[in-house]
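Here is the structure we will look at, set down as structure tokens.
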Amino acid sequence: MSDPVQPLSAPDPSVTPDVTGFFDAATNTVTYVVRDPLGTSCAVIDSVMDIDYAAGRITHASADAVIAFILAHGLTLEWLIETHVHADHLSGAPYIQGRLGGRIGIGENITVVQDTFGKVFNEGTDFARDGSQFDRLFAEGESYRIGGMKARVMHTPGHTPACMTHVIGDAAFVGDTLFMPDGGSARADFPGGDARTLYRSIRRVLALPGETRLFMCHDYGPNGREIRWETTVAEQRAQNIHVRDGVTEDDFVRLREARDATLAMPRLIIPSLQVNMRAGDLPPPDDSGRRFLKVPINGL
């Protein structure tokens with residue numbers, strides 16, 4: 001039975017989840033274990049599956065580190081959350097789920113992403129485009145529980161149509177909507193992305209209370225600084241180089257679109273999209289039992 005839909009409500013600053021980050025240097029991705037401070041329930045947000053793309057080899061060291069942490073602390077995994085369909089790393093969610101259980105959730109607009117990239121990769125009619133590969137599709141304003149903690153979901157598109165921000169107590173997990181203040185914001189030039197929409201989504205996030213802790217999905221250590229992934233709404237509003245207070249929507253759109261025009265495609269976009277739109281599963285095997293990833297020529 002799915003969780004009941006509950007109305008959007010303000011963050012509960014009295015709840016301070018325990019948050020542990022795992023940084024994957026190969027993809028600059030941060031995976032989070034989010035724990036109920038009054039119990040043993042937890043969620044994993046934006047997990048990573050390792051790939052040697054040149055060799056076509058999948059391994060699981062990143063996911064195994066998260067699994068080991070959960071087991072070592074006697075935690076019960078209830079949710080595996082994907083903030084969006086990542087284009088720069090493969091999800092480790094089904095691998096972790098196979099060992100620890102839990103439910104895999106993503107925003108309901110995964111169906112838009114599946115329809116778009118199902119065509120790009122010529123997946124045919126066998127590829128379901130209804131989000132059924134996931135255990136839960138979240139809509140704007142819905143909520144779910146991690147032990148005694150209530151988590152609520154904000155639809156924050158712009159980077160992709162399916163991007164969601166998950167607000168859990170005094171913490172918000174923003175996916176690729178925002179980077180650290182000196183990193184700015186995520187690109188908005190993928191199919192279904194839009195800079196103006198992204199600005200409006202970011203301003204929704206920055207309307208949360210100033211003390212709200214914000215956790216990034218990525219950090220690239222601009223100008224050689226050490227890797228960081230936690231900031232606050234107040235810090236972002238004062239210092240973010242793209243969307244601090246005073247930057248207008250038109251200013252942001254001009255900046256974002258000009259920057260996006262200079263960016264190369266992410267190194268792992270082709271395998272990532274094919275895997276992540278399937279909730280982290282690899283494409284089905286052929287008649288010989290072998291699995292393949294496709295490379296669309298001039299498709300992206």
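The values are calculated or read from the model by the stated rules, or taken from the named source; none is laboratory data. Source: prediction; values computed, not measured. We place every Cβ from the backbone using ideal geometry, glycine too, and count neighbours over all the protein chains shown.
Annotations
- Test: residue in the range 289-298 that is over 23 Å from D115 (Cβ atoms), buried (at least 16 other Cβ atoms within 10 Å of the Cβ) and out of contact with any helix residue (DSSP H, G or I) (no Cβ under 6 Å at 6 or more places or on another chain): no
- Among the residues of the range 179-188, none qualifies, meaning not one is assigned to a loop (DSSP other than H, G, I, E, B), touching a Pro at 6+ places or on another chain (Cβ under 9 Å) and more than 24 Å from A261 (Cβ to Cβ).
- Selection within the range 88-108: residues that are farther than 23 Å from T40 by Cβ and surrounded by fewer than 24 Cβ atoms within 10 Å (Cβ to Cβ). The member of this set that is modelled with the lowest pLDDT is D88.
- Comparison of D176, D194, D219, D182 shows that the only residue that is farther than 26 Å from L90 by Cβ and among the acidic types (D, E) is D182.
- When the range 117-172 is limited to residues that are part of a loop (DSSP other than H, G, I, E, B), touching a helix residue (DSSP H, G or I) at 6+ places or on another chain (Cβ under 8 Å) and β-branched (V, I, T), the one that is nearest to A234 (Cα to Cα) turns out to be T156.
- For the range 94-116, a residue qualifies if it is part of a helix (DSSP H, G or I), of a type outside the set (A, V, I, L, M, F, W, C) and free of Cβ contacts under 8 Å to residues at least 60 places away in the same chain, and the qualifying residues are Q97, G98, R99, T111, D115.
- Checked against (1) in a helix (DSSP H, G or I); (2) at pLDDT 95 or above; (3) out of contact with any helix residue (DSSP H, G or I) (no Cβ under 6 Å at 6 or more places or on another chain), N223 meets all criteria but (2).
- Enumeration of residues in the range 237-269 that are in contact with a Phe, Trp or Tyr (Cβ under 7 Å, 6 or more places away or on another chain), in a helix (DSSP H, G or I) and among the β-branched types (V, I, T): V253
- Among (1) farther than 23 Å from N276 by Cβ; (2) touching a helix residue (DSSP H, G or I) at 6+ places or on another chain (Cβ under 8 Å) - the single one G74 does not satisfy: (2)
- Candidate set from the range 202-220 (those that are surrounded by fewer than 23 Cβ atoms within 10 Å (Cβ to Cβ) and free of Cβ contacts under 8 Å to residues at least 60 places away in the same chain); member that is farthest from V243 (Cα to Cα): G210
- Residues of the range 162-196 satisfying the condition of being without any contact (Cβ under 8 Å) to a residue 60 or more places away in the chain, over 28 Å from R225 (Cα atoms) and either among the basic types (K, R) or buried (at least 24 other Cβ atoms within 10 Å of the Cβ) (or both): R196
Rundown of residues vs (1) modelled with pLDDT of 95 or more; (2) touching a strand residue (DSSP E or B) at 6+ places or on another chain (Cβ under 8 Å), yes/no style:
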position: T232; (1), (2): yes, yes
position: Q236; (1), (2): yes, yes
position: L273; (1), (2): yes, no
position: D281; (1), (2): yes, no
position: S288; (1), (2): no, no
position: N298; (1), (2): no, no
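- Boolean, A26 is hydrophobic (A, V, I, L, M, F, W, C), modelled with pLDDT of 95 or more, surrounded by fewer than 20 Cβ atoms within 10 Å (Cβ to Cβ) and assigned to a loop (DSSP other than H, G, I, E, B): yes
- Some residue of the range 109-118 being small (G, A, S) and within 22 Å of A188 (Cβ to Cβ): yes
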